[in-house]
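A.B. asks: Next up is a structure, given as structure tokens.
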There are 2 protein chains.
Amino acid sequence: MAHTDISTLGEFGLIRHLTQDIALTNSSSRYGIGDDCAVLRYPDHDILVTSDMLMEGIHFDLVYTPLKHLGYKAAMVNFSDVYAMNGTPRQLTVSVAVSKRFSVEDLEALYAGIRLACERHHVDLVGGDTTSSLTGLAISLTCIGEAERDHIVYRNGAHETDLVCVSGDLGAAYMGLQLLEREKAVFNRKVSDEVAAQPDFSGKEYLLERQLKPEARRDVIEALREAGIQPTAMMDISDGLSSEMLHICTQSHTGCRIYEERIPLDYQTAVTAEEFNMNVTTCALNGGEDYELLFTVPLTDHDRVAALKDVKIIGYITKEELGCSLIARDGQEFELKAQGWNPLK
Amino acid sequence: MAHTDISTLGEFGLIRHLTQDIALTNSSSRYGIGDDCAVLRYPDHDILVTSDMLMEGIHFDLVYTPLKHLGYKAAMVNFSDVYAMNGTPRQLTVSVAVSKRFSVEDLEALYAGIRLACERHHVDLVGGDTTSSLTGLAISLTCIGEAERDHIVYRNGAHETDLVCVSGDLGAAYMGLQLLEREKAVFNRKVSDEVAAQPDFSGKEYLLERQLKPEARRDVIEALREAGIQPTAMMDISDGLSSEMLHICTQSHTGCRIYEERIPLDYQTAVTAEEFNMNVTTCALNGGEDYELLFTVPLTDHDRVAALKDVKIIGYITKEELGCSLIARDGQEFELKAQGWNPLK
């Protein structure tokens, strides 16, 4: 029997390969695989469904991730997918598999984080599964949200001349991860030298918080609604700006031009990137896990979107044949490429 | 920090511990943790949601479980939970985490099984997640179903004098597992003796099929509907008849009397139990994974339910203070105890 290595397809290639010819047959199945959420349509309203799976050693490292933070982040990541469709998260199911090294107190901490996230976003924990694993911790969540039919925003609705916008700032979660990984390495060395290790993160708290305790941007969704702006396409940034921008352009059959100088960066992200000898733009483009919103709006909404707090216009949508490009600070043009995190590498 | 071993609480104790004080706040959250599915209520209809997580080495052994069968079973188990609420499964999300030893062809086989199950039950695969794990295979599924409001059957509706009914026959899936485990042990011994191993399952095909390829009982739900019978309580048998019967009685605040001689058994189950020196009633009571339906109906439905194909009346519901008892063939009375499979042992 043939044995094709999964890494040859990559995550998105694999999903496409396994699901490409799936036809939806139920009248309530409005939209299936290919966006932040599936959409179920009922006579009086639409329902959004999104699922995520997090595996120890792949998605999180318990050496520096407190279980409460892990639970909080796992829930937030799912809420973020619902907001990215312009919906409101309502219910969550959580399935957890744990090995023998985990205690009841560990699970209490994990659930405390999940429940805190649920409280903050008014989401009900309605079900799930609790079981054991041979090694490590596995968490799977499914979030169900509601949306008004005409308000749902897919990835495929961007049009030529639309403005490309992003909330918050980018690359900080990635720099936070680099810091944690560096301190882990230092700690491991020190422990082997039998010297007590005490990581020093002073001044970098923002980066750690972005990595360990991301916040889903309900506030941005609400601000857009209040401003009367209906994005034409939207998704949340989990794999990196480049990767997500390419998803929107591919699915919308458009190109785009993104201006490097307009990409929002926090001061600490820039300082720390320099410390690590990294290009800060590369971190912002490919870092991932920012859970900010990337969206497009009609050009006519320029003034309204420009007035929004914590939202920046970073470029615009072009014809498909013009491709996706990044305009560097010096005016040079580069092709936008997805080098985002690949969970199947 | 305290370290309480999870096994001291058990699966249901742990879930209760982690979720006991959860209050539902959204108007659409009708029923949360504690039944086969959560129930979401919308103006014109109700939605059922159920999640399951399956871990390699805990829930399945790939030595004797073909991946296509595994996918089929994983989906069926979730459909079964929706039928157990008297609903119709409509959508499924599937999250899969695989280690490097799995190929694209392996995942194709897994998805082929999932998709076959979906086709047979007219369920749409609408989403999920595909990622990697450090060791082994993890599968998490969430099934979404529809139900007419007045038709949903919970576990907590059984009343004194109700008849206790069960579909199909019990214990066969468990005996199938024993056979597979025995042949695996034989195979391992033979391989070490460098003798080719060829398992002989002739005449036992039914038991293997019950273990490897269970069928969710949509037919029973449809038969009940056609006969105009609305069960007062219902659940599917995944952990064993005893365990599920106790769930219904606890949640309904009733007792029950189950008659050993009425528990439906297949001939092969009985023969194989004898071969293994096991008590066949114990297998039927505690075996699990039969995915048959256990339900209660009002006494007035006696003739209608007795006329149903593949359904047997095995006892009746009593006052709570009478407890839950099994009446043996010789008339002796035993307390019904849950010795079902514990995934957290």
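A.B. asks: Just to check your reading of the model, which residue among A:T65, A:T50 is hydroxyl-bearing (S, T, Y), over 15 Å from A:Y291 (Cβ atoms) and assigned by TED's automatic domain parsing to the domain that holds A:E105?
C.D. replies: Working: A:T50 fails: over 15 Å from A:Y291 (Cβ atoms).
Of the residues listed, the single one that is hydroxyl-bearing (S, T, Y), over 15 Å from A:Y291 (Cβ atoms) and assigned by TED's automatic domain parsing to the domain that holds A:E105 is A:T65.
A.B. asks: Now for a different question. Out of the strands (runs of 3 or more DSSP E) lying entirely within segment A:78-152, which hold 3 or more residues that are within 7 Å of another protein chain (Cβ to nearest Cβ), β-branched (V, I, T) and touching a residue at least 12 places away in the same chain (Cβ under 8 Å)?
C.D. replies: Working: elements: A:88-98, A:124-132, A:138-147.
Strands (runs of 3 or more DSSP E) meeting the threshold: A:124-132.
A.B. asks: Something else about it: I'd like the full set of residues that are over 17 Å from B:A117 (Cβ atoms) and buried (at least 18 other Cβ atoms within 10 Å of the Cβ), limited to segment A:18-29.
C.D. replies: If the condition is that a residue be over 17 Å from B:A117 (Cβ atoms) and buried (at least 18 other Cβ atoms within 10 Å of the Cβ), then A:S28 is the only one that fits.
A.B. asks: Of all the residues that make up segment A:48-75, how many are more than 7 Å from chain B (Cβ to nearest Cβ), part of a strand (DSSP E or B) and aliphatic (A, V, I, L, M)?
C.D. replies: Number satisfying all stated conditions: 2.
A.B. asks: Can you tell me which residue within segment B:1-30, out of those that are touching a residue at least 12 places away in the same chain (Cβ under 8 Å) and more than 8 Å from chain A (Cβ to nearest Cβ), is farthest from the chain's Cα centre (by Cα)?
C.D. replies: Step by step, filter segment B:1-30, then rank; the result is B:S27.
A.B. asks: Additional query: Which residues, taken from segment A:172-224, are among the basic types (K, R) and either modelled with pLDDT of 85 or more or in contact with a strand residue (DSSP E or B) (Cβ under 8 Å, 6 or more places away or on another chain) (or both)?
C.D. replies: Residues satisfying the conditions are A:R182, A:K184, A:K204, A:R210, A:K213, A:R217, A:R218.
A.B. asks: Pairs only if they're at least six apart or on different chains, beta carbon under 6 angstrom, first in segment B:230-254 and under 15 Å from B:D290 (Cα atoms), second of a type in the set (K, R) and assigned to a loop (DSSP other than H, G, I, E, B); list them, first residue then second.
C.D. replies: Going by the 6 Å Cβ cut-off, the qualifying pairs are B:M235/B:R155.
A.B. asks: To continue, here is another question. B:R120: within 30 Å of B:L265 (Cα to Cα) and either among the polar types (S, T, N, Q) or under 23 Å from the mean Cα position of the chain (by Cα) (or both), yes or no?
C.D. replies: Spelling it out, B:R120 is indeed within 30 Å of B:L265 (Cα to Cα) and either among the polar types (S, T, N, Q) or under 23 Å from the mean Cα position of the chain (by Cα) (or both).
A.B. asks: In segment B:290-301, what count of residues is obtained for those that are more than 12 Å from B:A227 (Cβ to Cβ), surrounded by fewer than 24 Cβ atoms within 10 Å (Cβ to Cβ) and not β-branched (V, I, T)?
C.D. replies: Residues flagged as more than 12 Å from B:A227 (Cβ to Cβ), surrounded by fewer than 24 Cβ atoms within 10 Å (Cβ to Cβ) and not β-branched (V, I, T) within segment B:290-301 amount to 2.
A.B. asks: Something else: Only one residue in B:L40, B:L48, B:L62, B:L67 is under 23 Å from B:L125 (Cβ atoms), in contact (Cβ under 8 Å) with a residue 40 or more places away in the chain and in contact with a Ser or Thr (Cβ under 9 Å, 6 or more places away or on another chain), so which one is that?
C.D. replies: Exactly one of B:L40, B:L48, B:L62, B:L67 is under 23 Å from B:L125 (Cβ atoms), in contact (Cβ under 8 Å) with a residue 40 or more places away in the chain and in contact with a Ser or Thr (Cβ under 9 Å, 6 or more places away or on another chain), namely B:L48.
A.B. asks: Go through segment B:6-17 residue by residue and tally those that are of a type in the set (S, T, Y) and closer than 16 Å to A:A112 by Cβ.
C.D. replies: Summing the residues that are of a type in the set (S, T, Y) and closer than 16 Å to A:A112 by Cβ in segment B:6-17 gives 0.
A.B. asks: Quick one: is B:D310 more than 17 Å from the chain's Cα centre (by Cα), on the phi > 0 side of the Ramachandran plot, at pLDDT 95 or above and of a type outside the set (S, T, N, Q)?
C.D. replies: Values: more than 17 Å from the chain's Cα centre (by Cα): yes; on the phi > 0 side of the Ramachandran plot: yes; at pLDDT 95 or above: yes; of a type outside the set (S, T, N, Q): yes.
Taking the combined requirement at face value, the residue satisfies it.
A.B. asks: Let me ask another. I'm trying to understand the selection: among the residues of segment B:311-334, which are surrounded by fewer than 17 Cβ atoms within 10 Å (Cβ to Cβ) and in contact with a Ser or Thr (Cβ under 6 Å, 6 or more places away or on another chain)?
C.D. replies: B:E320, B:E333
A.B. asks: Do the conditions hold for A:I263, that is, is it under 24 Å from A:E215 (Cα atoms), of a type in the set (V, I, T) and either surrounded by fewer than 23 Cβ atoms within 10 Å (Cβ to Cβ) or in contact (Cβ under 8 Å) with a residue 12 or more places away in the chain (or both)?
C.D. replies: On the way: under 24 Å from A:E215 (Cα atoms): yes; of a type in the set (V, I, T): yes; either surrounded by fewer than 23 Cβ atoms within 10 Å (Cβ to Cβ) or in contact (Cβ under 8 Å) with a residue 12 or more places away in the chain (or both): yes.
When the stated conditions are applied, A:I263 passes them.
A.B. asks: If I ask for residues that are part of a loop (DSSP other than H, G, I, E, B) and within 19 Å of A:S103 (Cβ to Cβ), which ones from segment B:1-47 would you list? Give the steps one after another, and end with the answer.
C.D. replies: Initial filter on segment B:1-47 (part of a loop (DSSP other than H, G, I, E, B)): B:1-4, B:9, B:20-28, B:32-37, B:43-44.
Once the filter is applied, which keeps residues that are part of a loop (DSSP other than H, G, I, E, B) and within 19 Å of A:S103 (Cβ to Cβ), segment B:1-47 yields B:M1, B:A2, B:H3, B:T4, B:L9, B:Q20.
A.B. asks: Here's another thing I want to ask about it. Looking at A:T161 and the list (1) more than 23 Å from the chain's Cα centre (by Cα); (2) part of a loop (DSSP other than H, G, I, E, B); (3) on the phi < 0 side of the Ramachandran plot; (4) more than 10 Å from chain B (Cβ to nearest Cβ), which single condition is not satisfied?
C.D. replies: (3) is the only condition that A:T161 fails.
A.B. asks: Please go through (1) buried (at least 16 other Cβ atoms within 10 Å of the Cβ); (2) under 27 Å from B:K73 (Cβ atoms); (3) of a type in the set (S, T, N, Q) for B:N279 and return the number of the only condition it doesn't satisfy.
C.D. replies: Going through the list (1) buried (at least 16 other Cβ atoms within 10 Å of the Cβ); (2) under 27 Å from B:K73 (Cβ atoms); (3) of a type in the set (S, T, N, Q), B:N279 breaks only (1).
The values are calculated or read from the model by the stated rules, or taken from the named source; none is laboratory data. This is a predicted model, so every value here is computed, not measured. In this analysis, Cβ positions are derived from the backbone assuming ideal geometry, glycine residues included, and neighbour counts consider all displayed protein chains.
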